[in-house]
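Only the coordinates and a few stated rules stand behind these numbers; no lab work does. Note that the structure is a prediction, hence the values are computed from the model and not measured. Counting neighbours? That spans all protein chains shown, and the Cβs are built from the backbone with ideal geometry, glycine included.
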Ligand SMILES: Cc1cc2nc3c(=O)[nH]c(=O)nc-3n(C[C@H](O)[C@H](O)[C@H](O)COP(=O)(O)OP(=O)(O)OC[C@H]3O[C@@H](n4cnc5c(N)ncnc54)[C@H](O)[C@@H]3O)c2cc1C
């Protein structure tokens, strides 16, 4: 078993994570665990209105309070108006979303930060916040994206329209497609805004070094925001350092800047260390949500079950600031009809500003909304045709070599059909109800979800690997580990290639001044990008080691391998040599025992926005979920009896971590299907805590069954695809399809809460 | 923040010695599972806290002279593990088991659940159907017992005076052979606050409903006995008409509102449905 013969020792095996024990024992030092002597506490004053003119802010009483160090408002921020950028090397104009560090002139959403206070204790902060006098002049605001598009609508920002952007995709003539159809299925689907609910809220500390560099140690998915922070402060990028320790969950919610600029501002103005931790309520009302969509789908099918026309219209609520809305909408646009073929396709999408809390990245990045719609639509079409849902899907699944509606040919592995067949097999025969008030239903959903960033961003990652004199291995890579095992995967890769154990590898991560920049932990890109960079660096060291060994042992390099801390000579085992000895030889010969490698993702230019034709994504992960539910007709409660999922993981780097991702993703998506949703009254969040904003508990999910196909056909290391986002995308439609099967009535709005299910039953 | 005095008596005698010293505006706390979230939401702090969670006598569950006595500081975890409760009053154990999560149940007390007087309090309908008495003591040492049926006065308003402390509850041990059920409708399976809950205790023979007690929570400003249902059911034979009558009657007993957890309409539907299901099962 070795890397050389592709019969891996570590890759693909169920390995405990290298950081598992520390976490289980509570020893991991998260961003909020840091205390610095003399640090100030920072809190934000948040707007009490969703739409208002900021007439005046009087901070004098707050500043006069004993223990208050500083109070900052928009006028104190060197560059208060800024745009979200993600450290990409390639400039992409229209895609950068404006936001303000602190509200200025006009408040755009309830909970927007208006001022920040830094004081000696959190209690003094609270007192000071109460002493800030803000004069608001309430404005009418607009809260519904359809209303926001009407002429004369209230304008959320300073532009003369609320429309942020729109896209279209055209394949053939959809009217001709509908003319060929025997049946046309038309439905409108709605999905609400949802939150990420990471266990660790937004938090961090910051300080000023002797060297004048401002360091921010925060819970973030993007350490490369150091550039944006420097821009806000008006200082050079090399004067700001960001450290991301282990993150207690991200799910896209820590892709945008959260506490970092506030902390940096306080250090910049006072020179003193400081800390900021948001409460759950703050987190719920003021950081980006998953976009609420209204999706109109019209699907034409022939009697024998072929899709001949798909017409999709999507209206997305961007909320109060642009942030990542245009990117997310583009994801939805490209994936609008899912992993299915259709002779003709017409997709139109728009995203619009409103005075709701802004929306931005959330696991799936526009993929989850459309999957709910296209997978409900698949079931409704199958039902209209009197066809089995899997059989109908099998007539329409895309395969390797087929083209998406955007014209892009799928040149890598496409195993959607295999995963669909597998999950229905795993689900088995439908359970028979033994109670008059219990209805049993089964449902499935398949999905396609990209991994890796959009190709026009010209994404790159870097990783540094070195081998120490005792044969132990060090990786330095600027990844953010958000709990999915990002660093552990890198350790597995280096250990496999260099013939050592995972325990022999130390990974230094997430520090802009010490670890080579690896890009964001978003877009299911970390294994793909940094895994490839680490593989490249490890291979270079392996090459150096084996070249030296071949010379020293006078054998050909083809005969050598590295296994279990040994250099193996296949033809002459008596010549085997401990790795440590070889390392010493290399060191004295001046052979490089380190390598800094960069991996460049395949890059493309922009797609053609007039037709939607072009390549936006490098590759996709395909998979399916299937669910069996028992619906209580007295209450509408839907209990999950079985939950199965299957993915083409390409190659699982760590079997246990991959399964963990698939199970966790399924539960994350189930919340979307069953119970989650921000509720608003004119922009004011009505459920800003975990007593009213519900997510699934262990009591809500059954033992899960997961399976994996390992096609080896991905672009990641060893042919891996990505699982982080894909694993969560099909849960909601699989669940709702099962409920609809049980009750014999459609549900097209999320969440399918007990109340919604009972209503659907009663309206039948 | 002004200073809050804190008292934690460990025995009944320590407790009675303390009573006279409690400043006006004191508040009793036990598991603090309602108190802390309320304080975080901005509820004003009292002048002093009387923590009864470690008071031995208030943690007892016992049967004396045909009555079951439950101390105010008995937790949900205690209730659902008590052999006496499981054997003689399983309906209370099932309400206790439905409350919150294991973490909450280890702290949440029955005294706190009733004193807090949330319309959705899960032990309230059960204690109502058991005809329980609330035992109170005031800080001048005077004790009294109030039937729970006249304890809840309005939304989060009770018969308990500001200076009164709940010491426990008592009720006649249910006869063996009765049929009972606690039903709870929540928005999810674990750690859910009731959108509607119900306790039913029926004394039936063959097809006749001799006696019945029904109570609901979360469908009115207070947990309440469904007197119209009881009237419609008592002495009647079980048949389809019986179910129809009871389900009609329940609409007169309840007055639900729409809130973040559910609409009034949904509450009306499920109240009738869970009642019909219980009655059907009771006579099955
Ligand atoms: C996560 C979570 C889940 C929950 N789930 C549920 C649920 O499913 N069902 C449910 O019914 N409740 C639920 N609750 C609410 C709470 O746990 C219960 O109401 C619990 O029984 C309260 O008991 P306690 O001992 O914690 O009360 P405390 O918080 O200590 O007190 C509550 C109130 O009662 C007063 N009080 C307490 N004891 C006495 C006494 N002996 N005499 C006079 N006044 C007193 C206090 O002053 C306070 O106003 C939940 C709470 C949490 C945090």
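Taking every alpha-carbon pair within the stretch A:484-604, the share separated by more than 19 Å comes to 52 percent.
Over the C-alpha atoms of the stretch A:661-732, the Rg to Rh ratio, Rh being the Kirkwood estimate, stands at 1.13. Note on the stretch B:139-284: Kirkwood radius taken over Cα pairs, Stokes-Einstein applied at 25 °C and 0.890 mPa s, translational D equal to 147 µm² s⁻¹. Remark: relative contact order (the stretch A:431-587) = 24 percent; criterion is Cα-Cα distance under 8 angstrom and separation of 6 or more residues.
Rg and Dmax over the alpha-carbon atoms of the stretch A:607-663 stand at 18.6, 53 Å. When B:206, A:159, B:265 are sorted by how many other C-beta atoms sit within 10 angstrom of their C-beta, beginning with the fewest, the order is B:206, A:159, B:265.
Note down the Stokes-Einstein diffusion coefficient of the stretch B:1-136 in µm²/s, whole number, using a Kirkwood radius over alpha carbon pairs, 37 °C, and 0.692 mPa s. In µm²/s, the coefficient is 209.
Over the stretch A:289-401, the fraction of Cα-Cα pairs per 10 Å bin, rounded to whole percents and listed from the shortest bin up, is 15, 43, 27, 13, 2.
For the stretch A:283-324, taking the reciprocal of the average inverse distance between every pair of different Cα atoms yields a Kirkwood hydrodynamic radius of 13.2 Å. Where only DSSP H runs of four or more residues are counted, chain A gives -7500 deg cm²/dmol as its mean residue ellipticity at 222 nm, each run worth -39500 (n - 2.57). Note on residue A:60 and residue A:208: with the Förster distance fixed at 25 Å, the Cβ-Cβ geometry gives a FRET efficiency of about 0.40. With one equal scatterer per alpha carbon and no solvent term, the Debye-computed log10 I(q)/I(0) for the stretch A:635-693 at 0.17, 0.28, 0.29 1/Å reads -0.77, -1.19, -1.22. Mean per-residue shielding of peptide B:272-278 is 3, counting Cβ atoms of other chains within 10 Å of each Cβ. Taking the empirical scaling 2.2 N^0.38 Å for compact globular proteins as reference, the stretch A:474-539 has a Cα radius of gyration ratio of 1.00. Would you please classify the overall shape of the stretch B:94-214 from the alpha carbon gyration tensor, given that a ≥ b ≥ c denote the square roots of the eigenvalues, rounded means a/c under 1.5, and beyond that prolate means a/b larger than b/c while oblate covers the rest? Oblate shape, in that a/c is at least 1.5 and b/c is the bigger or equal ratio.
Translational diffusion of the protein assembly as shown was estimated from the Stokes-Einstein equation, with Rh taken as the Kirkwood radius over Cα pairs; at 20 °C and 1.002 mPa s the coefficient is 68 µm²/s.
Residue by residue along A:162-169, Cβ atoms of other protein chains within 10 Å of the local Cβ number 0 on average.
When restricted to Cα atoms, the stretch A:604-719 yields an Rg and a Dmax of 19.1, 56 Å, respectively. The ranking of A:646, A:371, A:203, B:247 from fewest to most other beta carbons within 10 Å of each one's beta carbon is B:247, A:203, A:646, A:371. Remark on the stretch A:96-188: ratio of C-alpha radius of gyration to 2.2 N^0.38 Å is 1.85. For chain B, the convex hull drawn through the C-alpha positions has a volume of 126 cubic angstrom per residue. Once C-alpha pairs closer than 8 Å and six or more residues apart are averaged by separation and normalised to the residue number of chain A, the relative contact order reads 16 percent. Evaluated at q = 0.14, 0.16, 0.18, 0.23 Å⁻¹, the base-10 log of the normalised Debye intensity for the stretch A:435-531, with identical point scatterers placed on the Cα atoms, takes the values -0.58, -0.70, -0.83, -1.16. Ranked by the mean number of other Cβ atoms within 10 Å per residue, highest first, peptides A:710-723, A:583-596, A:138-151 order as A:710-723, A:138-151, A:583-596. Inter-chain Cβ neighbour count for B:180-190, averaged per residue, equals 5 (cutoff 10 Å, partner chain atoms only). From the alpha carbon centroid of the stretch A:105-171 to that of the stretch B:238-284 is 44 Å. Ellipticity at 222 nm from helices only: DSSP H runs of n ≥ 4 in chain B, each -39500 (n - 2.57), divided by the residue count, give -9500 deg cm²/dmol. Projected label points at residue B:17 and residue B:162, each 7 Å from Cα along the beta carbon direction, are separated by 2.8 nanometres. Applying 1/(1 + (r/R0)^6) with R0 = 22 Å to the Cβ-Cβ distance of residue A:147 and residue A:53 gives a FRET efficiency near 0.65.
The share of Cα pairs per 5 Å bin across the stretch B:215-284, counted from zero up to the longest distance, runs 3, 17, 29, 24, 14, 8, 3, 1 percent.
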